[in-house]
Amino acid sequence: MRVGYLGPAGTHSEEALRTSAPFDVEEVPYSTIRDAVMAVQDGAVDRAVVPIENALEGAVAVTLDTLALEADRVRIAAEVVHPIHHCLVAAHSLRLEDVTRVVSHPQAAAQCARFLRERLPHAERVVAPSTADAVISVRRGREPAVALGSRLAADLYDCVVLAENVEDHPDNATRFVWLAPADAVSDPCRDAKTSVVFWGGGDRSPGWLVGVLREFSDRGVNLTRIESRPRRAQLGHYMFFADLEGAEGRPPVSEALAALRGRVEAIRVLGCYGSTGGASGYTGRDRGSMRGPHLLSRGG
């Protein structure tokens, strides 16, 4: 089985893939999250693992937008919550006060904002397509630069970890989803979660959203998440993403979704799925027991 993920090798997406894959798979890196999602849509891979929500920074917009607006033949098949521990990585040992540049994916930088603000306030911020790309660029560079990346990336690219657990909160975690072609997803267990997106049908009318949500509450369907994203059509129009407790094809979720179709312009079920087993941490790499930044270099 070929599984796509945000590459190159050494990203947190690859860590999540490795911890949750039920058997040996062929890992296929892609340069963007959208490319990984669309690879499933186009049949280039059998599955993909992509981030969808972070505990500190919230939803991963590109994942939601691609699933809602482009990948109509792709469904969420499973989810895995993976702890995210960022390391400060360099090509060789150096003091933090000598660092002139920090290379990072924007999500990683946001999750480590306090550490960067307090420990590297004068270092230039440079954006990278992924945390692994950040580590690679630092490894190839000559100036005293550091990257925010995983320990896996540091090991893969023969770099030095100057500090670990530099994220702002010790319980930082990201929810990843396994994606599959819609016709390849099996029926989930009774304790499944259903993810939907809907829009239109009166979204500028007073009380419209309240009426929509009552279709769930009146039937005792619990929403574990709801948020809006621009529809990319006209200012002021939004699409709403919701996660529901219960399986799509069983009451009361099936009844709520049927009622919802009479109130909205469009609704799509993004997936009906459970959690993968044994995916709470990265075996051999997880530093979750350590609290707060742990400096490994002198002068840090």
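Placing unit charges on the Cβ atoms only, positive for Lys and Arg and negative for Asp and Glu, gives the chain a dipole magnitude near 500 debye about its Cα centre. Overall, the range 87-166 carries a charge dipole of about 120 debye about its Cα centre when +1 sits on the Cβ of Lys and Arg and -1 on the Cβ of Asp and Glu, all other atoms neutral. The range 225-249 and the range 60-95 have Cα centres spaced 19 Å apart. Taking GluC sites (Glu not before Pro) as exposed when DSSP calls them loop and at most 14 other C-beta atoms lie within 10 angstrom, the chain has its longest site-free stretch at 71-264.
GNM remark for the chain: springs join alpha carbons under 10 Å apart, and the peak mean-square fluctuation among LEU69, LEU94, LEU223 falls on LEU69. On the beta carbon distance between ARG142 and SER31, with R0 = 30 Å, the FRET formula returns roughly 0.75.
Length gained on full extension, ASP24 to ALA55: 8.3 nm, using 0.36 nm per residue less the C-alpha separation.
Computed from backbone phi with θ = phi - 60° and the Karplus coefficients 6.51, -1.76 and 1.60, the 3J(HN,Hα) list for the range 223-228 is 9, 8, 7, 8, 7, 10 Hz; x is used for glycine and proline. Gain on full extension, evaluated as 0.36 nm per residue between VAL126 and THR224 minus their Cα-Cα distance, stands at 31.8 nm.
Every read-out reported here was derived from the displayed coordinates using simple, explicitly stated rules and does not represent laboratory data. Predicted model only: the values in this text are computed from it and were never measured. A quick note on method: Cβ atoms are made from the backbone with ideal geometry, for glycine too, and the neighbour counts reach across all protein chains shown.
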